[in-house]
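Beneath this line is the structure, given in structure tokens, with notes to follow.
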Amino acid sequence: MGYLELAIAIVAEVIGTNLMKASVGFTKLVPAVATIISYIICFYALSLSLKTLNLSVAYATWGGVGIILTTVVGVVYWKQGINLPQLFGIVLIVIGVVITNFFAKGH
């Protein structure tokens with residue numbers, strides 16, 4: 001169940017981050033309120049996942065997968081470019097998340 005809750009936390013965080021951009025510095029009410037709601041869902045789901053998952057595994061996965069998905073949305077939806085050094089950095093994040101999950105004990 002922990003990984004399902006973690007997945008919900010990741011999706012809510014990615015949605016919240018993109019809504020934050022859409023809120024234009026919290027000057028647009030609907031995206032601003034939706035940002036706050038998304039982050040409440042995110043942190044609640046993350047806290048539930050920590051009942052069964054190792055903290056370092058959950059946080060590394062949440063942060064790493066969140067960065068990857070946010071980058072994909074930035075490139076596809078917001079039409080933001082990505083260069084080779086950025087892509088290399090993201091590959092390193094993926095490697096770090098995989099290693100953290102693979103070698104975790106007690107999760």
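What follows draws every value from the coordinates through simple rules; no lab data is involved. Since this is a predicted model, take the numbers as computed values, not measurements. Quick reminder, even Gly has a Cβ in these numbers, built from the backbone with ideal geometry, and neighbours come from all protein chains shown.
For the reader, a short list of remarks on this structure follows.
- What the phi angles of the range 95-103 give under the Karplus curve with 6.51, -1.76 and 1.60, with θ = phi - 60°, is a coupling list of 4, x, 5, 4, 4, 4, 5, 5, 9 Hz, glycine and proline written as x.
- Helix-derived mean residue ellipticity, 222 nm - over the chain, DSSP H n ≥ 4, -39500 (n - 2.57), to 500: -27000 deg cm²/dmol
- Whole-number percent relative contact order across the range 2-102, with pairs defined as alpha carbons under 8 Å at least 6 apart: 31
- Equivalent ellipsoid semi-axes, the chain, via Cα gyration tensor eigenvalues times 5, rooted, Å: 25, 20, 7
- Applying 1/(1 + (r/R0)^6) with R0 = 22 Å to the Cβ-Cβ distance of PHE43 and LYS79 gives a FRET efficiency near 0.15.
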